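Single-structure report; data block below.
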Amino acid sequence: MKSFKPHTPLDTLPHHRLKLANVVRAAGIIDPVFLNSPQFACEPLSEALSCQLTLKLETTNPIRSFKGRGAGYLVARRLADGEIGGSRIVGASAGNWGQAVAYACRAHGLPLTLFAATGANPLKVARMKALGAEVVLTGEDFDAAKIAAEAHARETGGLWVADGLDPEAAEGAATIAMELAEGELPEAILVPLGNGALLTGIARWAKAVSPATEVIGVQARGADAMEKSWRSGRLVIAPSVSTIADGIGVRVPIAEAVEDMKGIVDEVLLVDDEALVTAMRLLFRKAGQLAEPSGAAGVAAILTFAERFRNRRLATIICGSNLTEEQVKAWVL
């Protein structure tokens, strides 16, 4: 296993909520099974997209998503700080965050209750249960389930943990950028944008190491509340969400995550579901990689904004690959 560089990059944003020192700390705490994920320049895909593209695969781990980094660091820090005690941990998830928290809680023998929407991906729900979580299905979408989960935590005295709200989730995700930076960082990194932990974590480290590197969030056009909130400088809540990308289908942004984006995120781009499907098929055919819609968002952005990215050195994170057989048949094959 590779070792991380022992120094922290010069911090030009010392008052930012996400701390570079905590990213270094996270790299020493996160379960190694989630660290040092494969990254490589994919020549066939680069040729198809007319760019030089490096893929960072956050799918080759027990939960097939990047979220094991942030959840593992968050649970470990709460234990170390004595905040958990005898409390049951409570969270909400579209599926991948829930699997990550369940994996971490199982490792420490901690009870966990997760809330998910009634229409949540059945594969993800089954995996959350298999990892030991009690799962409550309620609400029409993720944010409705999240409201119910927060209420449950207040009523029962459970410890509420949230992707995007707790800084540890982003600091754990930032270890992805730390690994990318072991080589020369590209001209731009395209990052799927949901609750913001992945984007803000990567941006925080990447901008400290290479200020000239563009960090670009990618969001589904049918779930653009984070993009509108970041661009307008005020919290924008969408009336509904319409996208196949459940992993980034956020209707109610987290104010702290939007604030974290300021000064470190260069742009947020929107992509249609059609581009996500095309990107998933390209990843499978040209790179041999299975990605869920949110995991293919970066490639979808390169397709959608082809002239902007032509002939540039890019990287993107394939952040998840949890698909049902039916979804694979409909979107990939």
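The values are calculated or read from the model by the stated rules, or taken from the named source; none is laboratory data. Here the structure is a predicted model, which is why all the values come from computation and not from measurement. Cβ placement follows ideal geometry from the backbone for every residue including glycine, while neighbour counts extend to all protein chains displayed.
How many residues does the stretch 14-70 hold that are among the aromatic types (Phe, Trp, Tyr) and buried (at least 20 other Cβ atoms within 10 Å of the Cβ)? Summing the residues that are among the aromatic types (Phe, Trp, Tyr) and buried (at least 20 other Cβ atoms within 10 Å of the Cβ) in the stretch 14-70 gives 2.
Does ALA330 count as within 17 Å of GLY194 (Cβ to Cβ) and either part of a helix (DSSP H, G or I) or of a type in the set (Ser, Thr, Tyr) (or both)? Here the answer is no, as ALA330 does not meet what is asked. Out of the residues in the stretch 175-184 meeting the condition of being touching a Lys or Arg at 6+ places or on another chain (Cβ under 9 Å) and not β-branched (Val, Ile, Thr), tell me which one is surrounded by the most Cβ atoms within 10 Å (Cβ to Cβ). Ranking the candidates gives ALA177 first.
Yes or no, residue by residue, for (1) modelled with pLDDT of 95 or more; (2) in contact with a Gly (Cβ under 9 Å, 6 or more places away or on another chain); (3) outside the structural domain of ARG88 (by TED's automatic domain parsing); (4) of a type in the set (Val, Ile, Thr):
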site	(1), (2), (3), (4)
THR156	no, no, no, yes
PRO186	yes, no, yes, no
LEU190	yes, yes, yes, no
ALA203	yes, yes, yes, no
THR213	yes, no, yes, yes
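Scanning the stretch 252-291 for residues that are farther than 30 Å from ASP166 by Cβ, polar (S, T, N, Q) and in contact with a strand residue (DSSP E or B) (Cβ under 7 Å, 6 or more places away or on another chain) yields no hits at all.
Restricting the search to the stretch 274-325, which residues are in contact (Cβ under 8 Å) with a residue 60 or more places away in the chain, under 18 Å from ALA94 (Cα atoms) and part of a helix (DSSP H, G or I)? Result: SER294, GLY295, ALA297.
Within the span defined as the stretch 141-153, one or more residues are touching a Lys or Arg at 6+ places or on another chain (Cβ under 9 Å) and either on the phi > 0 side of the Ramachandran plot or of a type in the set (Asp, Glu) (or both). Scanning the stretch 125-145 for residues that are more than 23 Å from ILE202 (Cβ to Cβ) and either part of a helix (DSSP H, G or I) or without any contact (Cβ under 8 Å) to a residue 12 or more places away in the chain (or both) returns VAL125, ALA126, ARG127, MET128, LYS129, ALA130, ASP143, ALA144, ALA145. The set of residues in the stretch 278-313 being crowded, with 17+ Cβ neighbours inside 10 Å and more than 19 Å from the chain's Cα centre (by Cα) consists of THR278, LEU282, PHE284, LYS286, ALA287, LEU303, THR304, PHE305, PHE309, ARG313.
When the residues of the stretch 130-174 are filtered to those that are of a type in the set (Val, Ile, Thr) and crowded, with 18+ Cβ neighbours inside 10 Å, the one that is farthest from the chain's Cα centre (by Cα) is VAL135.
Could you say whether any residue in the stretch 232-251 is assigned to a helix (DSSP H, G or I), at pLDDT 95 or above and surrounded by fewer than 24 Cβ atoms within 10 Å (Cβ to Cβ)? Within the stretch 232-251, one or more residues are assigned to a helix (DSSP H, G or I), at pLDDT 95 or above and surrounded by fewer than 24 Cβ atoms within 10 Å (Cβ to Cβ).
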